[in-house]
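What follows is a single structure, written as C-alpha cells, with notes after it.
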Amino acid sequence: MQVCEPSTAEDFRRYYDLRWKILRAPWDQPRGSERDALDDSSTHLMLVGPGGRLHGVGRLHFNSIREAQIRYMAIDIPDQRKGLGSRLLEALEHRARALGAATIVLDARESALGFYRKHGYIASGTGHVLFNRIAHLHMSKPLCRTGQDK
Ligand SMILES: CC(C)(COP(=O)(O)OP(=O)(O)OC[C@H]1O[C@@H](n2cnc3c(N)ncnc32)[C@H](O)[C@@H]1OP(=O)(O)O)[C@@H](O)C(=O)NCCC(=O)NCCS
C-alpha cells in the first residue's frame, strides 16, 4: 500500500470516481458534484494497494499561508476501519506541515467525528448541513513542528 499523488488523467478519473462514490452517490448527487473550484490548486493524495487498486482519497488546500484545510476524505467501503483513513490523514498532515501550515481545519461529518477526534482534532462549532441531511462540525488541530506528529 502506498500513498501517492494522482498524476495521469486515469489517476484523476479514478480519484474523483471514488470521491463521488463515497461522498456523493449515497445521497443521489450527480457526477461532477464531487468537485469544486479549489481542486485545480489543491494537493491530492490517494492510497493505492497491490495491483493498483484505489483504496482511499483525500485533499489538502490552504486557506491562508499558515492554515491548511482537509476535505473529501473517502475510504472505499470494504476498506473502512482498517487503519487506511488514519494513514491517509497522517500523510495529508505531513504534507501540510512540509508546506508551512501551523494549523489544519476541517468540517467533519457527524459520522466521522470519532475518527478525527482520535487524531487530535477538536470541535470548535457547528458547520454547514450538506444536502439538508448531513450535519458537519468545524474541527481544528495545531500542527506540532518539532516531530511530535507521526
Ligand atoms: C471517516 C473515514 C475517512 C475513516 O477512515 P477509516 O479507514 O475507516 O478509519 P480508521 O480505520 O483509520 O480509523 C481509526 C480510528 O478512528 C476511529 N473511527 C474511524 N471511523 C469512525 C467512525 N465512523 N466513528 C467513530 N470512530 C471512528 C476509530 O477509533 C478507529 O479505530 P478502531 O477502528 O480501532 O476503533 C472513512 O471511514 C470514510 O471514508 N467514511 C465515509 C466517508 C466520510 O465520512 N468521510 C469523512 C468526511 S468528513
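The values are calculated or read from the model by the stated rules, or taken from the named source; none is laboratory data. Being a predicted model, the structure only gives us computed values, none of them experimental. In this analysis, Cβ positions are derived from the backbone assuming ideal geometry, glycine residues included, and neighbour counts consider all displayed protein chains. We work out accessible area using only protein heavy atoms, side chains counted, and drop any ligands, DNA or RNA first. Shrake-Rupley method; radii C 1.70, N 1.55, O 1.52, S 1.80 Å.
Taking all protein chains together and a probe of 1.4 Å, list Lys118, Lys82, Lys141 from the most accessible to the least accessible. Write down the numbers at each step before the final one.
Working: Lys118 175, Lys82 140, Lys141 25 Å².
I get Lys118, Lys82, Lys141, largest accessible area first.
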How much accessible surface does Tyr121 have with a 1.4 Å probe, in Å² rounded to 10? 10 Å²
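Counting helices only, and only those DSSP H runs with n ≥ 4, report the 222 nm mean residue ellipticity of the chain as the sum of -39,500 (n - 2.57) divided by its residues, in deg cm²/dmol to the nearest 500.
After summing the helix terms and dividing by residue count, I get -7500 deg cm²/dmol.
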Keeping every protein chain in place, order Arg97, Arg81 by accessible area at 1.4 Å, biggest value first, i.e. largest first. Arg81, Arg97
Taking placed amide H atoms and a strict 5 Å upper bound, the residues 5 or more places from Ala102 or on another chain that come that close are Glu67, Ala68
HN-Hα J in Hz across region 48-55 - Karplus 6.51, -1.76, 1.60, θ = phi - 60°, x for Gly and Pro: 10, x, x, x, x, 5, 8, 9
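So how do Glu110, Glu93 rank on accessible area, 1.4 Å probe, biggest first, that is with the largest at the start?
Working: Glu110 115, Glu93 5 Å².
Most to least solvent-accessible, the answer reads Glu110, Glu93.
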Using the Karplus curve 6.51 cos²θ - 1.76 cosθ + 1.60 with θ = phi - 60°, work out ³J(HN,Hα) for each residue of region 109-114 in order, rounded to whole Hz, and write x for Gly and Pro. 4, 4, 5, 10, 4, x
In whole Å, how far is the Cα centre of region 36-64 from that of region 74-150? 14 Å
Would any residue of region 93-134 have its amide N under 12 Å from a label point 7 Å out along Cα→Cβ of Ile65? List them or say none. 100-101
